[in-house]
Structures are given as structure tokens and as C-alpha cells.
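A quick write-up on the structure given underneath.
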Amino acid sequence: MRISTLALMAAMAAQPAFADEIWVSNEKDDTISVIDIETLEVTRTLETGERPRGITFSHDYKYVYICASDSDAVQVMDPDTGEILHDLPSGEDPEQFVLHPDNKHLYIANEDDAITTVVDVESRTVVAQIDVGIEPEGMAVSPDGKIAITTSETTNMAHWIDTETQELFANTLVDSRPRHAEFVKDGAEMWVSAEIGGSISVFDTATQTETAKITFELPNIHPDRIQPVGFELGEGDKFAYVALGPSNHLAVVNAETYEVEDYILVGRRVWHMAFNADKSRLFTTNGISGDVTVVDVAKREALKTIKVGRFPWGAAFRPTN
Amino acid sequence: MLKSVASAVSLSSLISTSAMALNVEIPMLVRETEEIATLSNLDPCPADLSIQGAELAIADNTTTGKFLGHQYSLKIHNLSVDGDLADVALSILADHQIIITDLPSEDLLQIADLPEAANALIINATAEDSALRDGACRANVLHTAPSLAMRTDALMQYFLFKRWGKLAMIEGTYPQDTAYAEALRYSATKFGLKVGETKTWAFDADMRRNAAAEVPLFTQDLRDYDVLLVADEAEDFGRYVAYNTWLPRPVAGSEGISPQVWAPVVEQWGAAQLHSRFEELADRSMKPEDYGAWAAVRSIGEAVTRTNATDAPTLRDYMLSPEFALAGFKGTPQTFRAWNGQMRQPVPLVTSRAMVMQAPLPGFMHQTNELDTLGVDAPESSCTAFKE
């Protein structure tokens with residue numbers, strides 16, 4: 001015990017002044033909580049526009065983009081100073097977005113308008129607006145940048161966007177209330193979570209056909225309360241970590257067999273998550289309890305709970321060196 | 001009958017699921033109701049109640065449908081207060097077998113029992129009589145409106161949760177007040193509570209002016225109670241009871257904390273989005289009747305989307321199957337009870353300012369689905385029409 005404490009102190013001493021950070025958007029506080037991933041404490045609280053939800057960094061980490069849903073804007077912030085540099089034209093009620101690998105095009109879901117807006121972050125202009133289903137939310141882009149995905153909560157579809165033409169080329173039905181999409185295994189698969197359907201649909205990207213469905217089961221919790229929302233893939237895409245909303249658990253899914261291997265108890269109504277650099281730790285946003293659970297990925301255990309603002313929603317990782 | 005046009009369309013190249021152009025025209029039958037003269041004019045009853053909910057669901061279905069080549073439209077048939085139902089019903093049934101209704105129970109049963117409706121799918125969006133889900137159930141009628149028993153059961157769960165065991169009641173004299181009071185007594189018994197003293201409100205004085213003088217006296221002789229129930233579904237006198245009772249006690253039922261299937265204060269689970277879409281369309285807040293009609297038309301849309309069919313038997317079978325689920329913005333899948341056609345759904349317990357809790361409440365367990373702690377459950381049900 002003593003040795004490990006010393007080792008930890010030595011490790012901390014070796015760190016530069018600033019450790020890597022996890023940024024969390026607090027939907028009902030209009031703030032961002034910045035968590036130091038070494039001390040596991042909130043070091044800064046930054047003000048944003050109204051109802052911040054989606055949060056992501058530019059690929060060079062020079063900027064942080066924030067969906068300020070009720071301000072009808074995507075805000076661009078300097079992560080060093082916390083200063084809002086400017087707003088991007090975003091369409092109404094931006095909820096979630098994804099940055100294209102070109103670091104230039106932001107694909108934004110406009111929840112109230114049934115539209116996906118494509119914005120050029122350099123010229124700050126709208127490149128395209130694409131009609132999608134009702135309440136678009138989940139956003140993903142393939143690693144090669146050729147396909148963008150929008151999922152629509154009430155239409156229950158994944159909409160496949162050709163990023164060359166900015167037009168839809170396929171629409172695939174999923175279970176009720178899709179919330180989140182990710183390309184998996186270098187883009188060979190595309191996964192969509194369905195909150196009310198209680199499932200994750202796995203699609204073969206090349207053919208846009210559903211090849212598997214992941215379902216969840218927890219003892220003593222009614223299936224209706226097991227509501228998959230956000231999810232992320234761990235190192236090498238071997239395991240997926242799935243936030244199960246009001247069941248207050250995270251599922252660990254084997255991405256080869258599509259079987260759930262474990263469940264980890266976290267905070268209340270768990271929404272989204274972000275990993276640290278080596279993906280050894282996972283930080284989940286827990287909407288109702290207003291905190292972030294830090295999970296030891298290898299041990300599949302919760303390590304600590306960190307109080308943040310009201311209704312933490314999105315999470316994003318920021319390296320500092 | 002729903003008209004379907006099966007043909008290859010240009011959209012089909014965009015769609016990787018099966019593409020069959022379908023045109024779904026949904027008739028909705030609405031009986032106008034006689035307006036009751038109430039003490040207060042503060043909350044006028046919108047003339048387009050229920051209809052705007054159906055319109056919103058048509059818009060929702062259409063957005064989904066455009067990716068599949070499915071079109072939706074609504075045809076409203078209005079019946080005057082004393083208009084003859086049979087003629088209108090028969091003319092609708094001549095070419096449509098799926099009908100949404102905003103009708104009183106007698107009308108609903110009359111249309112359901114027409115031989116022409118034997119294989120129809122009628123969705124009751126507004127009538128709450130528990131009997132329609134029990135002894136008077138019909139195999140061709142599904143209900144997106146909650147039963148009164150579901151609403152009053154929700155309230156009793158809340159009283160048990162709060163340990164407010166002693167109940168008293170003031171009951172109005174309109175038929176809907178009496179039905180509500182009966183439902184409250186039924187639910188109290190079901191959950192082991194008892195409605196103690198009950199007084200009938202039959203004043204004809206103008207309570208806007210003298211409620212502060214009359215209500216304390218009116219409630220003074222009630223023996224001690226934890227909560228005062230108000231059965232005033234006609235929304236006549238109830239608003240003048242709160243804060244005027246002799247004892248300082250909360251009010252519940254038609255006033256105070258009220259079990260409602262939908263209300264503007266329901267804001268979790270994405271409900272804010274449904275409210276904002278509705279307000280943009282209708283320029284007013286979304287009422288329980290609108291929600292019932294929205295759920296009815298959305299359920300049809302969901303069934304058409306998943307089955308690629310438009311005929312009543314296919315859609316009915318799908319809606320009653322475990323595969324069906326409607327995301328109704330209340331945090332849990334809403335399905336239909338296969339034994340009586342009632343849509344399972346949570347019941348928010350609301351005040352005018354906030355949702356207090358949502359039933360089923362924690363701790364009310366059920367062997368298959370906690371939503372079935374609300375309303376008549378299968379073992380007690382005397383509905384046999386669904387057993388084929």
C-alpha cells in the first residue's frame with residue numbers, strides 16, 4: 001500500500017503541470033465541468049450557452065465545440081481559456097454532432113427540425129441541410145469519412161448520408177427511440193442503440209443490412225427500464241461499454257460474440273461516456289444523480305463518483321500534452 | 001379500407017428495407033360535446049381537442065413514411081351533439097376499416113357492434129370508462145385513452161407511497177363526476193384504502209365570490225383526513241376548494257395533485273420535444289385527449305412501418321403482439337394488453353406547476369409488467385372478447 005502510494009506520488013510528480021482532462025456538459029446548469037483525470041476532481045467550471053448537450057474537440061484539440069441547444073447555436077470555445085470564440089450557424093436546437101475526419105465539416109442533428117445540418121467550421125457557413133426523420137440525435141461518421149449517420153428518435157431510423165453529395169443513400173429501421181451511433185472495427189460495422197427498444201442493432205456497413213442485435217438482461221430490473229443510450233468501444237474494439245439509462249448500469253459487450261459479459265453499477269440515468277488516453281478508465285455522465293462515475297476498465301469496477309453540474313449529458317476527452 | 005398502391009417507386013432506390021408505396025388514409029370520428037356551464041371561464045375547452053393530436057401524429061408518421069414510400073392523411077368526421085351516428089359510421093366503414101374515435105362510450109359500442117365493423121380496427125382515443133376494457137370490451141376496439149381505473153389507481157399508489165391513509169371526498173353531480181368518484185372508491189378498495197366521508201357539492205351560488213366563506217364551512221364537519229379528494233371532472237367547482245378547506249390538507253383528484261395521462265408539465269424522456277412540436281402546430285398546450293389521439297395515429301404508423309401492411313387484421317395482430325412498442329415520451333415502451341386491447345402506459349401525477357411523480361410508483365411490483373398495476377389486470381378482467 002505504502003509503495004503504491006509512493007509510486008503514485010512519483011508518477012504525479014513526473015506529470016507536467018496539467019493532467020489530461022474529461023469535459024462534461026451540464027444540460028441544466030449551462031456549464032461545462034472540467035475533470036482532471038489524475039486527481040479525479042473538477043478543476044474548472046466554464047459557462048456556455050443554454051442547455052449544452054453534445055460536446056467534442058477538434059482533432060487537433062485547439063477548439064471545443066458545444067451544442068448549446070436552447071441558444072440554437074454551436075459554440076466554439078478555446079479550451080485553454082474557456083472563452084467562447086464564436087458561434088457557428090447550426091440550425092435550430094442542435095443536440096448532438098460529429099466532426100468529420102477532415103477536421104472541417106461538422107454534422108449536426110437539429111432535434112426540433114428533423115434536419116441534419118452540415119457546417120464548414122473554417123468558413124463558418126452551412127454547406128448542406130439534409131431532411132431526416134423526427135428528432136434526429138445520434139451522429140457518427142465512418143473512419144474513411146465517406147459516410148455520416150443520423151439516427152432519428154421518433155422515426156426510428158438510421159439515415160445514411162453520402163458525405164460527397166450530402167444526400168441520403170439509405171434509411172434503415174431500428175428499434176424504438178434510437179439514441180447513439182458508432183462505426184466499429186475500422187468502419188466495417190455500424191452500431192445503433194435504441195433506448196425504448198432496449199437493443200443495439202449491428203449493421204454491415206457495406207450493405208447497410210442488420211447482421212446482429214445486442215440485447216440486455218439484468219436480474220431484478222424490469223426489461224423496460226434497461227434503456228441503452230450512449231456507448232463507446234474500448235481498446236482494439238474488443239469490448240463495447242453501453243450506458244443503460246435508468247437501470248443505472250453499464251454493460252460490457254463482447255464485440256465479437258455480441259454477448260454481454262458484465263454489468264457495472266454506476267450513477268442514476270447514465271447517458272454518455274468518454275475514455276482517457278489509453279482507455280484504461282471510463283468516465284460516465286449520470287443525468288439524474290448529477291455526477292460522473294469513473295470506471296476501472298480492466299477490473300470492470302466503479303472507482304469513484306465525481307460531483308459535477310445539474311444533468312451532465314455529454315463527455316469528451318482532452319489530452320494536454 | 002385503407003387504400004394501398006403497390007408499385008415500384010423512385011424512392012425505392014433510396015431504401016434498403018422493402019419499398020412498397022402505401023397510402024394510409026385514417027378517418028377520425030369526433031362527437032361534439034355539449035359545453036357545461038362552469039363557474040370559471042379561465043380555461044376554455046379548445047374546439048380542436050383530440051384532433052390536433054391526431055394531426056401531429058399524421059405529420060410524425062409522414063416524416064417517417066417519406067423514407068419508405070408511405071403516405072398518411074387524416075379525414076375528420078364531425079358529429080353534432082345529437083347527430084345520428086349510424087349513417088356516418090356506415091359511410092366510413094364502406095371504404096375504411098381503421099377508425100380513430102373521440103366518442104362517448106355509447107357511440108363507441110354502437111359503431112363497434114355494427115356487422116360492417118366486425119373485422120375493423122377501432123382505436124378509442126378518449127373514452128375512459130373502465131367497463132369498455134372489462135365487461136363491455138370489444139375485440140375490434142383498442143384503447144389509447146387510459147381507463148379511469150388506471151388514473152385513479154395511480155393516485156392510490158401515490159397515497160400509499162406517502163402513507164396518506166385517511167381519505168375524504170367532495171363529489172360533483174355531473175355524470176363524469178359520479179364516474180370518477182366511483183373509480184376513486186374502486187381503486188381505494190383495490191389498494192386497501194377507504195374513502196371515508198363523502199359530501200356532494202350541489203351549490204348554485206357563485207363561488208368565485210364567496211368560496212373563502214363557504215368552503216371552510218362546507219368542509220368543517222368532515223372528520224380528520226390526510227387528503228381531500230375532489231371528484232369534479234366537469235371542472236366546475238374544484239378550483240375553489242384548494243386552500244379554502246377547514247383543515248390545512250392537500251387536495252387531490254380533479255384538482256390539486258391529479259392523475260393525468262399527459263400534461264404540459266411532463267418534461268422528462270424527451271416529452272419537451274413532443275410539446276414543442278404540438279405547440280407549433282396547434283398554438284396551445286397538449287391535452288390528454290390530444291395525447292390519446294396522437295398515440296392512436298402513431299400506433300397505426302408504427303404498425304404500418306413494421307409490417308408494410310395497411311389492412312385492419314394485420315395491423316391489429318401486430319399491435320397486440322409483443323413486437324409492438326410505441327415510444328410515448330413517458331420513459332417506457334407502451335404496448336397493448338392482449339386480453340382487453342388497452343394501451344399500457346405510465347400515469348403522471350401532476351399539479352399545474354410540476355409532475356410530482358409518475359405511476360407505477362417504485363415498490364408496486366407485478367409478475368409480468370409493472371404497468372399492469374394500473375387498471376384492471378388480466379386475472380380480474382371479465383373481458384372475454386379477446387380470447388379466440
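Nothing in this text is a laboratory measurement; each read-out follows from the coordinates by a stated rule. Bear in mind the structure is a predicted one, so any value in this text is a computation, not a measurement. In this analysis, Cβ positions are derived from the backbone assuming ideal geometry, glycine residues included, and neighbour counts consider all displayed protein chains.
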> For the stretch B:87-186, what relative contact order do you get, as a whole percent, if you take Cα pairs closer than 8 Å and at least 6 residues apart?
Replying inline: 21 percent
> What's the average, rounded to a whole number, of partner chain beta-carbon atoms within 10 Å of each residue's beta-carbon in A:177-184?
Replying inline: 1
> Out of B:Ala21, B:Ala295, B:Ala139, any idea which swings most in a Gaussian network model of chain B, alpha carbons joined below 10 Å?
Replying inline: B:Ala21
>> Using only the alpha-carbon atoms, what does the stretch B:149-259 span along each of its principal axes? Please give whole angstrom values in decreasing order.
In response: 38, 28, 19
>> Counting only other chains, and only Cβ atoms inside 10 Å, what mean value do you get across the residues of B:325-333?
In response: 6
> Which order do B:Arg31, A:Arg177, B:Arg223 fall in if you start with the one that has the fewest other Cβ atoms within 10 Å?
Replying inline: B:Arg223, B:Arg31, A:Arg177
>> Between helix B:148-162 and chain B, what is the angle of the helix's C-alpha long axis to the longest principal axis, kept within 0 to 90° and rounded to the nearest 10?
In response: 50 degrees
> Under a plain spin-label model, where a point goes 7 Å from the Cα along Cα-to-Cβ, how far apart in nm are A:Thr81 and B:Leu160?
Replying inline: 6.1 nm
> Which percentage, to the nearest 5, of the DSSP beta bridges contained in the protein assembly as shown is antiparallel?
Replying inline: 75 percent
> With a Cα-only, solvent-free Debye model of chain A, what are the log10 I(q)/I(0) values at q = 0.08, 0.09, 0.13, 0.16 Å⁻¹?
Replying inline: -0.33, -0.42, -0.91, -1.40
> From the Cα gyration tensor of the stretch A:252-295, with a ≥ b ≥ c the square roots of its eigenvalues, which class applies: rounded if a/c is under 1.5, or else prolate if a/b is larger than b/c, or else oblate?
Replying inline: oblate
> What nm distance separates the two modelled labels at B:Ser40 and A:Ser58, each placed 7 Å from Cα along Cα→Cβ?
Replying inline: 5.6 nm
> Semi-axes of the equivalent ellipsoid of chain B: what are they in whole Å, largest first, if each equals the square root of 5 times a C-alpha gyration tensor eigenvalue?
Replying inline: 38, 22, 20
> Could you list, bin by bin from short to long, the percent of Cα-Cα pairs of the stretch B:235-284 in 5 Å steps?
Replying inline: 5, 17, 18, 16, 14, 14, 10, 5, 1
> On full extension of the chain, what length is gained from B:Arg353 through B:Glu116, given 0.36 nm per residue of separation minus the C-alpha to C-alpha distance?
Replying inline: 80.7 nm
> With contacts defined as alpha carbon pairs under 8 Å and 6 or more residues apart, what's the relative contact order of chain A in percent?
Replying inline: 13 percent
> To the nearest 0.05, how large is the calculated FRET efficiency for A:Leu265 and B:Ser91 if R₀ is 45 Å and r is the Cβ-Cβ distance?
Replying inline: 0.15
> If one takes the longest principal axis of the Cα atoms in chain B, at what angle in degrees, from 0 to 90 and to the nearest 10, does the Cα axis of helix B:207-220 lie?
Replying inline: 60 degrees
> What would the Debye formula give as log10 I(q)/I(0) at q = 0.05, 0.11 Å⁻¹ for the alpha-carbon point model of the protein assembly as shown, no solvent?
Replying inline: -0.27, -1.17
>> Can you sort A:His100, B:His143, A:His180 from fewest to most other Cβ atoms within 10 Å of each residue's own Cβ?
In response: A:His100, A:His180, B:His143
> Straight-line reach from A:Lys304: which lysines have a Cα under 26 Å away, not including same-chain ones fewer than 8 places off?
Replying inline: A:Lys28, A:Lys238, A:Lys279
>> At a threshold of 8 angstrom on Cα-Cα distance, excluding pairs fewer than six apart, so keeping six or more, what relative contact order does the stretch B:149-259 reach in percent?
In response: 32 percent
>> Projecting each Cα onto the charge dipole of the stretch B:149-259 (Lys/Arg +1, Asp/Glu -1 at the beta carbon, about the Cα centre), which of B:Thr178, B:Phe218, B:Leu247 comes out farthest on the positive side?
In response: B:Leu247
> Once both labels are modelled 7 Å past Cα along the beta-carbon direction, what's the B:Ala212-A:Arg310 spacing in nm?
Replying inline: 3.3 nm
>> At R0 = 56 Å, how high is the FRET efficiency between B:Asp224 and B:Asp311 if r is their beta carbon distance? Nearest 0.05 is fine.
In response: 0.40
